[in-house]
Amino acid sequence: MTPPWRIWIDTGGTFTDCLALDRQGNLHRAKVLSTSAVRGRVVERLGAETLRLAAGWPVPENFFRGFTFTLLDSGESATATEYDPVRPCLVLDRPCSSINAGATFELRSPEEAPLLAARLVTGTPLLGELPEIAMRLATTRGTNALL
């Protein structure tokens, strides 16, 4: 019998931190925004809808499919339709006119931040079924609100 992933997540006011042990005992970490997003920078525009990113996310192909891509400067947004982690390139569902090299962006998941963190550490795309997980979830939001 294969043991489940063991995942510990703390959701704070700004960040959600995740520490995980996979089935082989390897340690994985993820830090996402508590708004269910990760941030990055555009390296270059390869086409009307295709961008090369400065990204270090160890995720599988098309992990970000269905995420909302938003430029932080202009607020312009689109939906991610493809992601190639090898190049790393992101394809959007429509052109965004204000994308330039160096632009910062956010990729927002439609799921809550703890699920995004769990997907990042397990490498499970949005439409994929998460593996068996023994999860511990904590929050410092309430504590921070009281302070």
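Data for the structure
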read-out	value
Where Ser74, Ser98 fall by accessible area, highest first, once all protein chains stay in place (1.4 Å)	Ser74, Ser98
Largest-first ordering by accessible area, 1.4 Å probe, given options Thr70, Thr139	Thr139, Thr70
Global geometry of region 70-131, whether rounded, prolate or oblate, following the gyration tensor of its Cα atoms and the 1.5 cut on a/c	prolate
Rounded to the nearest 10 Å², the accessible area of Glu49 at probe 1.4 Å	60
Cα shape, region 6-142, gyration tensor, a/c 1.5 rule	prolate
Thr79 - accessible surface, heavy atoms, 1.4 Å probe, Å² rounded to 10	50
Shape of region 1-60, Cα gyration tensor, a/c cut at 1.5	oblate
Whole-percent carbon and sulfur share, accessible surface of region 19-78, 1.4 Å	45
Theoretical ellipticity at 222 nm over the chain - DSSP helices of four or more residues, -39500 (n - 2.57) apiece, nearest 500	-3000 deg cm²/dmol
Order of exposure, largest accessible area first, which applies to Trp8, Trp57 with probe 1.4 Å	Trp8, Trp57
Helix 113-122 vs. the chain, principal-axis angle (Cα, 0 to 90°, nearest 10)	90
Efficiency of FRET between Arg39 and Glu129 - r from beta-carbon atoms, R0 22 angstrom, step 0.05	0.25
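The values are calculated or read from the model by the stated rules, or taken from the named source; none is laboratory data. Since the structure is predicted, the reported quantities are computational estimates derived from the model, not experimental observations. In this analysis, Cβ positions are derived from the backbone assuming ideal geometry, glycine residues included, and neighbour counts consider all displayed protein chains. These accessible areas exclude ligands, DNA and RNA; they are computed on the full protein's heavy atoms, side chains included. Shrake-Rupley method; radii C 1.70, N 1.55, O 1.52, S 1.80 Å.
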